[in-house]
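Working notes for the structure below.
Nothing in this text is a laboratory measurement; each read-out follows from the coordinates by a stated rule. None of these values were measured; they are calculated from a predicted model. Here Cβ is always computed from backbone atoms with ideal geometry, including for glycine, and neighbour counts include all displayed protein chains.
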Amino acid sequence: MREVRLKNPVAEHREKAKGRANVAIITLSSTRSIENDQSGDIIQALVEGGGHAVALRKVITDSRNVLRATLRELARQKDVEVIITNGGTGLATSDITVETVRGMLDKEIPGFDALFMMLSYPSIKSAAMLSRALAGTINKKLVFCLPGSPKACKLAMEQLVLPDLAHMLMVLHS
């Protein structure tokens, strides 16, 4: 009997998907500024280290209206392909990121949160269920909402966002 070799479409897509993405980094906080935004610093360093460009970086308040307005503006900008937020994903009343962004998504990537929790579990155990994350698309732009913890941002960027960023953009624009 003849051996059948199955193609690996993910590997093929990753090989085809090369390029540089323009990324906007938005930190939601009522206490941080650009000068003391560790999570934003980590995201920026990893984005640039991955060969991508930071088109914009800013800190905004934990406000549904400010976040919606910021995302609407970024969704219209041609030079932004990816939006990464950090902060505002917890359980406090002021944590409004996930609910606000979910209502704006054209498509959600539910596996992102599941994988993020799975990867977080070995180091933070059951507290991983409190680390809410979200990913999806708005107007053909990838959107990732990460917790505000520097360790969580590093984990999400290194393990989930950057390894498949070019692949996701290729699929999104095909």
Shape of region 20-172, Cα gyration tensor, a/c cut at 1.5: rounded
For 117, 168, 129, 157, order by how many other beta-carbon atoms lie within 10 Å, fewest first: 129, 117, 168, 157
Check: region 20-172 dipole with +1 on Lys, Arg Cβ and -1 on Asp, Glu Cβ, in debye: 240
The chain: Lys pairs at Cα distance under 20 angstrom, eight or more positions apart or on different chains: 18
Mean Cα-pair separation over length for region 20-172, i.e. relative contact order, pairs under 8 Å, 6 or more apart, %: 27
